[in-house]
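These notes concern the structure reproduced below.
Every number here is computed from the coordinates shown, using simple stated rules; none is lab data. On a predicted model such as this, the values are computed, not experimentally measured, just so you know.
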């Protein structure tokens, strides 16, 4: 009986000691957070929720060009031209993904502001309204609201917490929202009316942005159609007479012309991407 109780007692003691050290570590973390209230928000290692990936498309483009040149024996200038087009298309795809994420974030911010206006008008405090909004908000804005509520509960300066939201989500609408909360916390005033005006402004901005995207879709589709037609014609010419087509492409004149076409395609993609994204 004693041989069983000794290991059980040691295990219970180890669990108790571990639980005690865990509680001590958590209390220490809270004390550290509370002692750093005066720290500058810019020094906090907070990354934005979504960023552009400027290097990844060109890594994929470089690997594509290297595979075409080294493994498939494609002439080096043509492989470089293909890599150039692939890199620009990758940049365009990354920009589309970022626009989609930002649009969804702005739409969720407008809905969150409506919830805040209802809660504040009903008599709730700003912190209570943020807690309620974070409870029912969808992702990804729920993550940002949970971060704000957690920092406020831990005792971080509210103005720094609100400014940190504008840094984590570097968009005009979120900067306006965070600045409004910080100013209202410092000087007071009617927060519900101000937030209602901001929510209306955000929805108007989303409507204008959708209209601009709808008008610029024709230019994007035209660019993609021209690219597809060029490659479709090249495939048809190769299918009709493969030896002659390969002899022309592998000749010095063919290599120069193919490289020039690929470079012009890349320049066209870059120009359309720049023209079709005006600032709202």
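Enumerate the whole-percent occupancy of each 10 Å bin, from 0 to the last occupied one, for all C-alpha pair distances of the stretch 128-231.
13, 35, 25, 13, 10, 4, 0
Taking the alpha carbon gyration tensor of the stretch 49-131, what are the square roots of 5 times its eigenvalues, largest first, to the nearest whole Å? All intermediate terms of the calculation are to be shown ahead of the outcome.
Working: eigenvalues 494, 18, 8 Å².
Equivalent ellipsoid of the stretch 49-131: 50, 10, 6 Å, largest first.
What whole number of Å gives the distance from the Cα centroid of the stretch 66-109 to the Cα centroid of the stretch 160-196?
36
Which translational diffusion coefficient, to the nearest whole µm²/s, is obtained for the stretch 56-275 from the Stokes-Einstein equation, given a Kirkwood hydrodynamic radius over C-alpha pairs, 10 °C and 1.306 mPa s? Numbers along the way, then the final one.
Details: Rh = 21.2 Å.
Answer, rounded: 75 µm²/s.
Taking Cα atoms of the stretch 86-161, Rg/Rh with Kirkwood Rh, to two decimals? The partial results should precede the final answer.
Numbers: Rg = 16.0 Å, Rh = 14.0 Å.
Radius of gyration over Kirkwood radius for the stretch 86-161 works out to 1.15.
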